[in-house]
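Okay, structure first, notes after.
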Amino acid sequence: MKNEWPLWEIFIRGQHGLSHRHVGSLHAPDAEMAVKNARDVYTRRNEGVSIWVVEAKHIAASAPSEKGPLFEPSESKIYRHPTFYDIPDEVGHM
Amino acid sequence: MYAQMIKTASNGIKPREEMSEEERAFQDKIDNDIKIEPRDWMPEDYRRTLIRQIGQHAHSEVVGQLPEGNWITRAPTLERKAILLAKVQDEAGHGLYLYSAAETLGVSRDELIELLHEGKMKYSSIFNYPTLNWADIGAVGWLVDGAAIVNQVALQRTSYGPYSRAMIRICKEESFHARQGYDAIRAMAFGTPEQKRQAQDALNRLWFPALMMFGPSDAESTHSEQSMAWKIKVKSNDELRQQFVDQTIPQIEYLKLDLPDPNIKWNEERGHYDFSEPDWPEFFNVIKGNGPCNVDRMKDRVAAWDDGEWVRDGLLAHARKKAARKVAAE
Ligand SMILES: [Fe+2]
Ligand SMILES: [Fe+2]
């Protein structure tokens, strides 16, 4: 058996209450070590207050070939954006 | 640079008419500055060239820890020691970011490390020069990381998404490296006459090896053209070298050190400094394995890998046992 440590994807929540964000990956034998390594590699300069680690093989992703069918439909739906609507000046800020 | 003399895995640029539909769509994306992502279609040569380049870059970050690690225990103050330790730790991180980027191309980190240890991959020529004294540590941060920054800032715009993101991350950390080096050499340049002499000596010895980091002139490189078309390479070696020289001369002048090359002169017409070419035969000799420290560097890397094997295996065996126990309990 090849003794290569599995690959983990690392997600960090920054100081300001935003969601965890993918920051990179690393190798570790298990989840506990992945968290420890992530702390050493990805939070050395106050980048975060919380760490998630997910073994890379557990991530399911959309296929690049599906880009069109998945994401193009929203391009034409400009009425989903607030800028689509004219609000009269007299009404003030909305 | 950290990746020097990367052979492009193809012969010259394919004319557009000869490209397949996929190749054309791929080149269009690159021309429009759309990043290529791991699961996107890409030509096999693009993938192979990137693995070589990113792999060599990663190896350079890791091997680059050795000349600086050499002085951690002998740093002149506790503060300098803490700074150097943090800097060297960053370089380990840079290696990690880059190995991770390479792994998205279908090669594993352990495979890359094996290739390095078998002598089938290289790292930057600069790390085959010794760090003889503390002034060298200042000069390395200032000049070597300074040169690396010039290259890496350009590479932030590289076409491969994971490589570009790694470069952005690395650049954020690099300016600390260059500044702490300049700070260390400045303390010596304005110190006792003996300290100043050592600062000058470090500059004189490391100047040309730093210029070599950018690789030989592009005029001599047949591989640059395709790498530029693919935006694996963003600026030419000569352009980057000139940029480094132009930014570094005023920094030398501030230190009141002598210029390390009598031919350095401002060229009004070009709007750049003129300077002497490094000794290219020396460069090729170092690349071939005959630099002052090649043998030591590889010996140290291989020893670190071999000596760490029982730890890697032990932790993995423990993790597997724990996982199996958990499954059995469920
Ligand atoms: Fe680095
Ligand atoms: Fe650095």
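Could you name the lysines whose alpha carbon sits less than 18 Å from that of B:K321, not counting residues in the same chain fewer than 8 places away?
A:K2
Among B:I6, B:N294, B:P281, whose Cα sits farthest toward the positive end of the charge dipole of chain B (+1 at Cβ of Lys/Arg, -1 at Cβ of Asp/Glu, about the Cα centre)?
The Cα lying farthest towards the positive end belongs to B:N294.
Can you find, among B:L206, B:I249, B:P162, the residue sitting farthest towards the positive end of the charge dipole of segment B:156-252, where Lys and Arg contribute +1 and Asp and Glu -1 at Cβ?
Highest projection toward the positive end goes to B:P162.
In Å², and per residue, what accessible area does segment B:197-330 have when probed at 1.4 Å with the other protein chains present?
I get 55 Å² per residue for this part.
Checking an interface number: how much accessible area is buried between B and A, summed over both chains, with a 1.4 Å probe, in Å² rounded to 100?
2100
With a 1.4 Å probe on protein heavy atoms only, tell me which residues of segment B:85-108 lose at least 30 Å² of accessible surface in the complex relative to the chain by itself.
Those are B:Q89, B:D90, B:L96, B:Y97, B:S100, B:E103, which lose 30 Å² or more relative to the chain on its own.
Once both labels are modelled 7 Å past Cα along the beta-carbon direction, what's the B:E282-A:E90 spacing in nm?
Distance between the two pseudo-spin positions: 8.2 nm.
Output the residues of segment A:16-34 meeting this criterion: accessible area (heavy atoms, 1.4 Å probe) in the chain alone minus accessible area with all protein chains in place is 30 Å² or greater.
The answer is A:S25, A:H27, A:P29, A:D30.
If you place +1 on the Cβ of every Lys and Arg, -1 on the Cβ of every Asp and Glu, and leave all else neutral, what size is the dipole of chain B about its Cα centre, to the nearest 20 Debye?
Using only the charged Cβ atoms, the result is roughly 1140 debye.
Pull up the cross-link candidates among the aspartates and glutamates for B:K196, meaning alpha carbon to alpha carbon under 14 Å and not fewer than 8 places away within one chain.
B:D136, B:D183, B:E253, B:D258
Along the positive direction of the dipole of chain A (beta-carbon charges: Lys, Arg +1; Asp, Glu -1; about the Cα centre), which of A:V91, A:V23, A:A34 reaches farthest?
Farthest towards the positive end: A:A34.
What is the calculated FRET efficiency for B:E225 to B:E22, with r their C-beta to C-beta distance and R₀ = 22 Å, to the nearest 0.05?
0.55
Note down the magnitude of the dipole of the protein assembly as shown about its Cα centre, charges +1 on Lys and Arg C-beta and -1 on Asp and Glu C-beta and zero elsewhere, to the nearest 20 debye.
Charge dipole, the protein assembly as shown, about its Cα centre: 1360 debye, nearest 20.
On a straight-distance basis, which lysines could pair with B:K35 in a cross-link, Cα separation under 24 angstrom, same-chain partners fewer than 8 positions away excluded?
A:K57, A:K67, B:K7, B:K14, B:K172, B:K231, B:K233, B:K235
Just how large is the dipole of segment B:107-184 about the Cα centre, in debye to the nearest 20, putting +1 at every Lys and Arg Cβ and -1 at every Asp and Glu Cβ?
340
Against the longest alpha carbon principal axis of chain A, how many degrees, from 0 to 90 and to the nearest 10, is the axis of helix A:31-42 turned?
Roughly 70 degrees, rounded to the nearest 10.
Roughly to the nearest percent, how much of the accessible area of segment B:14-158 is carbon and sulfur, given a 1.4 Å probe?
That fraction is 54 percent.
Relative to the isolated chain, which residues of segment B:280-327 have their accessible area cut by 50 Å² or more in the presence of all protein chains (1.4 Å probe, heavy atoms, no ligands or nucleic acids)?
Hits at the 50 Å² cut-off: B:L315, B:L316, B:R320.
The values are calculated or read from the model by the stated rules, or taken from the named source; none is laboratory data. Being a predicted model, the structure only gives us computed values, none of them experimental. Backbone-built Cβ (ideal geometry, glycine too); neighbour counts: all protein chains shown. What goes into the accessible areas is simple: the full protein's heavy atoms, side chains included, and nothing from ligands, DNA or RNA. Shrake-Rupley method; radii C 1.70, N 1.55, O 1.52, S 1.80 Å.
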